Amino acid sequence: MQASGKPWLTNKVWLALPIILLLLLARCSSDNNDETEAASQQNQPIDQSSDEPQASAALVSSSNKRFTSSQIKAAMREHIAKRTALGNPGVFEITDPRTSQNLELQFQVIHDPVRVIDGKFYFACTNFAAINDPDKTYDLDFWLQELDGELVVYEENVHKLPIRSDNQWVQEPRYNFVNDRINLLR
């Protein structure tokens, strides 16, 4: 009887692993919940109208380098281009951590504004379309940080899935953000 219970437990662990990882990421993104005022000041959108860094919105890294919205978007485009060149050229492939489904997508746009989280990390949200169906869009989130003076993507995740509603595709979120913390939905 116990032998039949082990596969069930193993399956449950594998299903829970992506949720645990998201919760750990959310936990690590902020050192103190009680400092909501400080956190809200540090999670500032970066001004889209200027390429000049602003003291309250630009990340000051260990090398004291500040990154602008244009630099963040350029790092995102470079990351997406590199990932799109892998495997099936022209296709951005990502495995959905919740379903383990391999998604084949085409880049559409980086959303404005990009953000700084805790004065250490950058966050950017994007839209990708399913190959052969540009109306079926996924919202993917990317986290960046400085490494050797350059911005690099260190995490990517499926934020919103396309679902059919009233004969059209709409995006349904899996999580939302409150004070830079991920809150799982369902």
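Given Ala129, Ala124, which one is of a type outside the set (Asp, Glu), on the phi < 0 side of the Ramachandran plot, more than 15 Å from the chain's Cα centre (by Cα) and in a strand (DSSP E or B)? Please lay out each step first, then the result.
Numbers: Ala124 fails: more than 15 Å from the chain's Cα centre (by Cα).
Ala129 is the lone residue from the list that is of a type outside the set (Asp, Glu), on the phi < 0 side of the Ramachandran plot, more than 15 Å from the chain's Cα centre (by Cα) and in a strand (DSSP E or B).
Of the conditions (1) over 17 Å from Thr95 (Cα atoms); (2) free of Cβ contacts under 8 Å to residues at least 12 places away in the same chain, Tyr154 fails just one. Which one is it?
Of the numbered conditions (1) over 17 Å from Thr95 (Cα atoms); (2) free of Cβ contacts under 8 Å to residues at least 12 places away in the same chain, the odd one out for Tyr154 is (1).
Can you tell me which residues in the stretch 157-186 are surrounded by fewer than 18 Cβ atoms within 10 Å (Cβ to Cβ), under 18 Å from Thr95 (Cα atoms) and touching a Ser or Thr at 6+ places or on another chain (Cβ under 9 Å)?
Correct list: Gln171, Glu172.
Give Tyr122, Tyr175, Tyr138 a once-over and let me know the one that is of a type in the set (Phe, Trp, Tyr) and touching a helix residue (DSSP H, G or I) at 6+ places or on another chain (Cβ under 6 Å). If you could, list the steps in order and put the result at the bottom.
Working: Tyr175 fails: touching a helix residue (DSSP H, G or I) at 6+ places or on another chain (Cβ under 6 Å); Tyr138 fails: touching a helix residue (DSSP H, G or I) at 6+ places or on another chain (Cβ under 6 Å).
Every option except Tyr122 fails the conditions.
Can you work out which of the residues in the stretch 144-155 that are surrounded by fewer than 18 Cβ atoms within 10 Å (Cβ to Cβ) and in a strand (DSSP E or B) is nearest to the chain's Cα centre (by Cα)?
At the first step, the residues of the stretch 144-155 found to be surrounded by fewer than 18 Cβ atoms within 10 Å (Cβ to Cβ) are 145, 147-150, 152, 154-155.
Now drop any that are not in a strand (DSSP E or B), which leaves 145, 147, 150, 152, 154-155.
Values: Gln145: 12, Leu147: 18, Glu150: 18, Val152: 13, Tyr154: 9, Glu155: 6 Å.
Here the residue is Glu155.
Taking the conditions exactly as written (modelled with pLDDT under 95, β-branched (Val, Ile, Thr) and in a strand (DSSP E or B)), does Val60 satisfy them or not? Spell out how you get there, then give the answer.
Numbers: modelled with pLDDT under 95: yes; β-branched (Val, Ile, Thr): yes; in a strand (DSSP E or B): no.
Answer is no for this residue.
Which of the numbered conditions does Phe121 fail, given that it passes all the others? Conditions: (1) modelled with pLDDT of 95 or more; (2) among the aromatic types (Phe, Trp, Tyr); (3) closer than 23 Å to Ser70 by Cα.
Here Phe121 meets the rest and fails (1).
Inspect the stretch 173-186 for any residue being outside any loop (DSSP other than H, G, I, E, B), without any contact (Cβ under 8 Å) to a residue 60 or more places away in the chain and hydroxyl-bearing (Ser, Thr, Tyr) and give the result as yes or no.
The answer is no, given that none of the residues of the stretch 173-186 is outside any loop (DSSP other than H, G, I, E, B), without any contact (Cβ under 8 Å) to a residue 60 or more places away in the chain and hydroxyl-bearing (Ser, Thr, Tyr).
The values are calculated or read from the model by the stated rules, or taken from the named source; none is laboratory data. On a predicted model such as this, the values are computed, not experimentally measured, just so you know. Because the Cβ atoms are built from the backbone with ideal geometry, glycine has one as well, and the counts that use them run over all protein chains shown.
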